[in-house]
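The values are calculated or read from the model by the stated rules, or taken from the named source; none is laboratory data. All values derive from a computational prediction rather than experimental measurement. With ideal geometry, Cβ positions are generated from the backbone for all residues, glycine too; neighbour counts draw on all protein chains shown. Protein only, heavy atoms only, side chains kept; ligands, DNA and RNA dropped before computing areas. Shrake-Rupley method; radii C 1.70, N 1.55, O 1.52, S 1.80 Å.
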Amino acid sequence: TAGSKENVINYAIIKNGLIGVHVDTLGASANPTLRINNSQIRNMSAAGILAQGSFVEASNCVFADCGIYLAALTIGGEYVFRHCTFANIWTEGTRQTGSILLNNYYVAQGSGQQNRDLTGAFFGNCIIYGSMEEELEFDQTTLAQFNYKFDHCIIRTKEVLSNAVHYSEIGKNLDPLFKDAATYDYQLTSGSSAIDKGDQSISAYVPYDLLGIVRDASPEPGAYEFKP
């Protein structure tokens with residue numbers, strides 16, 4: 001809740017609920033409100049992670065199969081995702097939204113629109129893929145900062161990715177060829193478009209994958225390093 005700070009989740013499996021993790025407004029700390037590493041959040045009817053004006057760092061995480069969003073990063077804040085797999089092949093109903101939502105305002109009853117800076121949303125060496133043609137969703141006002149960057153990612157999207165401020169080395173609409181999404185196995189298989197497509201400068205922050213495998217000089221985006 002608001003004021004909570006410096007929380008850590010590590011090696012957790014969070015599944016079969018409404019919202020996996022709800023992170024409210026910033027605590028009184030320069031450090032992240034939440035660090036979540038080496039964890040899986042899956043099969044949520046609403047959202048895997050719902051963050052509101054928060055500071056979240058995540059690495060080696062799998063966010064999978066949610067009815068609305070895998071990650072709803074709302075009311076501004078600061079977010080860093082490294083080597084995360086976002087895979088949304090939701091089969092429990094009809095999904096109408098993308099997997100990732102970025103937002104920098106809200107509308108308060110009686111006081112109108114309140115603008116909040118999205119100071120940064122960084123996705124490095126990540127896979128963002130699912131059953132929708134558009135897995136990114138941007139809801140922004142120009143009255144507050146709206147800063148984001150996807151770097152060495154595989155993304156399913158209809159967005160034009162030519163703006164280097166926001167996109168660098170993107171594999172657009174390339175199937176990552178997950179091992180078995182039906183059983184939540186999001187390791188990569190031979191021929192995956194993600195193989196060797198990561199950036200070592202990003203993997204330096206996350207030298208081991210979710211299974212404890214050492215990442216090599218040409219790492220794979222997502223939570224799993226590919227090993228034949």
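What single numbered condition from (1) in contact (Cβ under 8 Å) with a residue 40 or more places away in the chain; (2) in contact with a Phe, Trp or Tyr (Cβ under 7 Å, 6 or more places away or on another chain); (3) closer than 18 Å to residue 148 by Cβ; (4) open to solvent by less than 40 Å² (accessible area, probe 1.4 Å) fails to hold for residue 49?
Here residue 49 clears every test but (1).
Please enumerate the residues belonging to the stretch 168-189 that are of a type in the set (A, V, I, L, M) and at positive phi. Before the answer, list the steps.
At the first step, the residues of the stretch 168-189 found to be of a type in the set (A, V, I, L, M) are 170, 174, 177, 181-182, 188.
Within the stretch 168-189, 177 is the sole residue that qualifies.
Checking the condition part of a loop (DSSP other than H, G, I, E, B) and either of a type in the set (A, V, I, L, M) or without any contact (Cβ under 8 Å) to a residue 60 or more places away in the chain (or both), which residue from 87, 64, 72, 28 passes? Can you show your working first?
On the way: 87 fails: part of a loop (DSSP other than H, G, I, E, B); 64 fails: part of a loop (DSSP other than H, G, I, E, B); 72 fails: part of a loop (DSSP other than H, G, I, E, B).
After applying the criteria, what remains is 28.
Can you tell me which residues in the stretch 74-92 are open to solvent by 30 Å² or more (accessible area, probe 1.4 Å) and either farther than 18 Å from residue 166 by Cα or of a type in the set (Gly, Ala, Ser) (or both)?
Narrowing the stretch 74-92 to residues open to solvent by 30 Å² or more (accessible area, probe 1.4 Å): 75, 78, 82, 89-92.
Hits for the stretch 74-92 are 75, 89, 90, 91, 92.
Examine the stretch 16-25 for a residue that is modelled with pLDDT under 95 and either at negative phi or over 15 Å from the mean Cα position of the chain (by Cα) (or both), and state whether such a residue exists. Before you say what the answer is, go through the steps one by one.
Our first condition is that a residue be modelled with pLDDT under 95; within the stretch 16-25, this holds for 24-25.
Okay, now just the ones that are also either at negative phi or over 15 Å from the mean Cα position of the chain (by Cα) (or both), so 24-25.
Within the stretch 16-25 (the criterion being modelled with pLDDT under 95 and either at negative phi or over 15 Å from the mean Cα position of the chain (by Cα) (or both)), the answer is yes, since at least one residue qualifies.
I'm checking my understanding of the structure. Among residues of the stretch 90-118 that are over 16 Å from the mean Cα position of the chain (by Cα) and in a strand (DSSP E or B), which one is nearest to residue 157 (Cα to Cα)?
The extreme case among them is 105.
Tally the residues that are free of Cβ contacts under 8 Å to residues at least 24 places away in the same chain, under 29 Å from residue 119 (Cα atoms) and in contact with an Asp or Glu (Cβ under 6 Å, 6 or more places away or on another chain), restricting the search to the stretch 158-201.
Number satisfying all stated conditions: 1.
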